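**Q** Quick one: this structure, given as structure tokens, is what I'll be asking you about.
The values are calculated or read from the model by the stated rules, or taken from the named source; none is laboratory data. Only a predicted model underlies this, so the values are computations on that prediction, with no experimental measurement involved. Here Cβ is always computed from backbone atoms with ideal geometry, including for glycine, and neighbour counts include all displayed protein chains. Accessible surface is based on the protein model in full, side chains and every heavy atom, while ligands, DNA and RNA are left aside. Shrake-Rupley method; radii C 1.70, N 1.55, O 1.52, S 1.80 Å.
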Amino acid sequence: MPSIFSGGIQSTIYLLVIRLIVALIALPIHECAHGYVAYRMGDYTAERQGRLTLNPLAHFDPIGTLAIILFGFGWAKPVPINPLNFENPKKGMMLSSLAGPMSNIGLAFLSMVLYKLSYIPLYLGFTGAFLSTVQTFLLYMITINITLGVFNLIPIPPLDGSRIATYFLPQHIYFKIMQYENFIFIGLMIALWFGVLDGPINFVSSAVTGLLDFITRPIDWLTAFIL
């Protein structure tokens, strides 16, 4: 992904606005996916608190949104989930937690399909600022959603990956870890600040991007055949 700080002030503002729009789409869908799966499995907590909505204001976390705009990954205000409302609490928490990152991967897949299709008018001679902006927006939709999904799958509290890990951990070990969740979160922020996790996140994100590119390869073939 190109740096948002290259190309002058106007270019920087342009890319920051696009990242903000992407964040206002990706984060509500991520959190709403958590709440919807929980709702379908018997927990109505998010629905009763008005969190089953795509309204960005209902899920807005200023620091998490700023992190996405600047660094490409971040978080929203967590959707409340009560595992006691699930018939199988461990399974319910695992599936509802998995829903968020998977929604981002799904958004990235859809954006990649649209991004590849956007080259058809380009090949036909239709150019201009609008098409360029659409392609830039879709490119950031791909990269940010993949990075957001991968980041949230890290099995460190309070990220979604830690909730998914509860399905595989003995209950007493999980609750022991959760006692130190606040301290672990501070450690996570420090690791992010110093770029400790950049390498692993970028590696996995690149692998996911390659997989989605492979899955959508028939669009490339179809475009080449038609044109």
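**Q** Restricting the range 82-105 to residues that are open to solvent by 40 Å² or more (accessible area, probe 1.4 Å) and under 17 Å from the mean Cα position of the chain (by Cα), which is farthest from Asp43 (Cα to Cα)?
**A** By that ranking, first place goes to Met102.
**Q** Residues of the range 6-47 being free of Cβ contacts under 8 Å to residues at least 12 places away in the same chain and among the basic types (Lys, Arg), which ones?
**A** Hit for the range 6-47 is Arg40, nothing else.
**Q** Right, next: Would you list the helices (runs of 4 or more DSSP H) that sit entirely within the range 1-78 and hold 2 or more residues that are within 17 Å of the chain's Cα centre (by Cα)?
**A** 8-40, 56-59, 62-71
**Q** Hey, another quick one. Looking at Phe168, Phe203, can you tell me which residue is of a type in the set (A, V, I, L, M, F, W, C), surrounded by fewer than 17 Cβ atoms within 10 Å (Cβ to Cβ) and closer than 17 Å to Pro101 by Cα?
**A** Only one candidate qualifies: Phe203.
**Q** Look at the range 121-139 and say how many of its residues are outside any helix (DSSP H, G or I) and either among the charged types (D, E, K, R) or closer than 14 Å to Ile21 by Cβ (or both).
**A** Residues in the range 121-139 being outside any helix (DSSP H, G or I) and either among the charged types (D, E, K, R) or closer than 14 Å to Ile21 by Cβ (or both): 0 in total.
**Q** Counting just the residues of the range 206-227 that are touching a residue at least 60 places away in the same chain (Cβ under 8 Å) and not polar (S, T, N, Q), which one comes out least open to solvent (accessible area, probe 1.4 Å)?
**A** Leu212
**Q** Within the range 118-138, identify whether any single residue is among the hydrophobic types (A, V, I, L, M, F, W, C), in contact (Cβ under 8 Å) with a residue 40 or more places away in the chain and exposed (fewer than 15 other Cβ atoms within 10 Å of the Cβ), and answer yes or no.
**A** The answer is yes, given that some residue of the range 118-138 is among the hydrophobic types (A, V, I, L, M, F, W, C), in contact (Cβ under 8 Å) with a residue 40 or more places away in the chain and exposed (fewer than 15 other Cβ atoms within 10 Å of the Cβ).
**Q** Restricting the first residue to the range 55-67 and requiring it to be within 14 Å of Cys32 (Cα to Cα), which pairs with a second residue that is assigned to a helix (DSSP H, G or I) and of a type outside the set (Val, Ile, Thr) meet a Cβ separation below 7 Å and a spacing of at least six or different chains?
**A** Hits for this filter: Asn55/Pro28; Pro56/Leu24; Pro56/Leu27; Pro56/Pro28; His59/Leu27; His59/Pro28; His59/Glu31.
**Q** Would you call Val150 open to solvent by 80 Å² or more (accessible area, probe 1.4 Å) and modelled with pLDDT of 85 or more?
**A** No: the conditions fail for Val150.
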